[in-house]
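The values are calculated or read from the model by the stated rules, or taken from the named source; none is laboratory data. Remember, predicted model here, so these are calculated numbers, not experimental data. As a convention, Cβ positions derive from the backbone with ideal geometry for all residues, glycine included, and neighbour counts pool all protein chains shown. We work out accessible area using only protein heavy atoms, side chains counted, and drop any ligands, DNA or RNA first. Shrake-Rupley method; radii C 1.70, N 1.55, O 1.52, S 1.80 Å.
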Amino acid sequence: MSEVGKELTSTFDIDAILVRIYERVNSLMDANVFLIGLYDEDTDILSMRFAMEEGKRLPEVNLPVQEQKTRLACWTVINKQEAIILDYEKDLERYTGKTPPPAIGKQTETIVYLPLMVQDKVIGVLSVQSFESNAYSDYHLNVIRNIGTYAAIALQNAEIYNSVENEVAKRTEEIEKNHRNAQLLSEIGQQLISTLEIETVFEHLHDNVNQLMDATIFGIRLYDPESQTISYRYEMESGERHDVISISMDNKNNYSVWCLEHKQPLHIVDHLNEYQKYVEEINVVDGEMPESLLFQPLMKGDEVLGVISVQSFEKFAYTEYHLNILKTLGSY
């Protein structure tokens with residue numbers, strides 16, 4: 001048992017752990033049927049990740065625990081208790097009273113289900129079964145319990161290890177993405193400051209900003225201090241150019257007006273629940289209503305020149321990272 005425990009807890013590959021558990025159990029007792037299920041508390045799904053019947057691997061099956069509580073596997077998860085059936089017809093009544101046909105494989109006579117637990121939390125189940133009645137003695141049950149203890153620790157360690165690895169990989173990918181984006185921003189900046197045609201500036205911005213974020217709606221709006229209006233000079237929505245229109249600075253329910261008056265960016269990711277922070281009512285000037293919006297004032301010192309905006313039809317499309325990109329583009 002000590003050697004088995006060391007072997008199981010020395011690997012962080014979940015599939016390898018499942019195979020080793022089966023091999024050790026099968027070498028110590030009759031395990032015509034062997035199952036290990038992993039439980040996801042968030043989805044309430046018990047995934048029968050590893051199942052063997054008479055030496056053959058069975059397909060994986062997912063069990064919604066609360067919906068199938070009459071299954072012994074689900075009963076074990078719900079009650080956090082082991083289920084021991086040495087004679088199927090006689091002993092089943094003590095647990096579920098009835099149970100549907102096996103989700104996979106054939107019906108067995110001796111069935112042991114053991115909850116795999118770590119600090120009172122069920123992370124899965126282990127089951128050993130036989131086609132013979134009364135196939136297991138107290139000795140066999142103790143073997144299963146001991147292996148189950150090691151199995152729970154090994155699986156928990158593997159989950160933690162893999163979570164850390166995934167987080168490291170995710171952070172590495174983010175760093176590499178940020179580096180690529182920084183290079184792209186620098187290239188965009190060089191393009192913009194070397195261009196004297198406003199139309200070309202817009203085209204450069206629109207082409208490149210889509211590589212950095214969701215810019216289904218994109219606009220550059222220019223401020224005219226003499227007429228006190230904002231000209232929607234360059235507006236794109238889903239690949240289509242909008243007509244040029246002007247908005248008065250008296251329109252206090254316009255996000256561009258708010259942005260210019262406050263000389264601050266605007267960041268919305270859930271439109272219907274956040275618009276009150278900026279305006280009294282939603283006023284979509286043209287096109288469909290977006291769900292996420294970023295507005296950045298275009299400034300030269302204290303002088304207001306206009307607004308650059310990107311918008312999405314998806315909620316929570318933008319983070320502070322995207323706002324910082326837009327600020328950089330606005331500076332250029």
For this session: Please list 301-307, 286-292, 169-175, 210-216 highest first by mean number of surrounding beta-carbon atoms within 10 Å per residue.
Result: 210-216, 286-292, 301-307, 169-175
For this session: Heavy atoms only, probe 1.4 Å: what % of the accessible area of segment 223-271 goes to carbon and sulfur, would you let me know?
Result: 45 percent
For this session: Among Q129, T200, Q296, flag the residue with its Cα farthest along the positive direction of the charge dipole of the chain, charges on Cβ as +1 for Lys/Arg and -1 for Asp/Glu.
Result: Q129
Problem set entry | Using alpha-carbon coordinates, inclination of helix 138-193 to the longest axis of the chain, degrees | 10 degrees
Exercise. Hey, what does the equivalent ellipsoid look like for the chain, semi-axes from the Cα gyration tensor as sqrt of 5 times each eigenvalue, largest first, whole Å?
Worked result: 64, 22, 15
For this session: Could you provide, to the nearest whole Å², the per residue accessible area of the chain with probe 1.4 Å?
Result: 53 Å²
For this session: Please report, in whole Å, how far the alpha carbons of segment 119-185 spread along each principal axis, starting with the longest.
Result: 72, 26, 15
For this session: Please report, in debye to the nearest 20, how large the charge dipole of the chain is about its Cα centre when each Lys and Arg carries +1 at its beta carbon and each Asp and Glu carries -1 there.
Result: 1080 debye
For this session: Mind jotting down the three principal axis lengths of segment 1-158 based on Cα atoms? Whole angstrom, largest first.
Result: 40, 35, 28
For this session: Can you check how the C-alpha radius of gyration of segment 185-332 compares to 2.2 N^0.38 Å, as a plain ratio?
Result: 0.97
For this session: Starting at the first residue of segment 91-101, write each ³J(HN,Hα) from the Karplus equation 6.51 cos²θ - 1.76 cosθ + 1.60 with θ = phi - 60°, in whole Hz, x for Gly and Pro.
Result: 8, 4, 4, 5, 10, 9, x, 8, 8, x, x
Seminar exercise, completed: Within the under-12-Å Cβ sphere about N253, not counting N253, Lys/Arg +1 and Asp/Glu -1 give a net charge of -2
Exercise. Of Y318, N26, I188, which is farthest on the positive side of the dipole of the chain, counting Cα position, with +1 on Lys and Arg Cβ, -1 on Asp and Glu Cβ, and the Cα centre as origin?
Worked result: N26
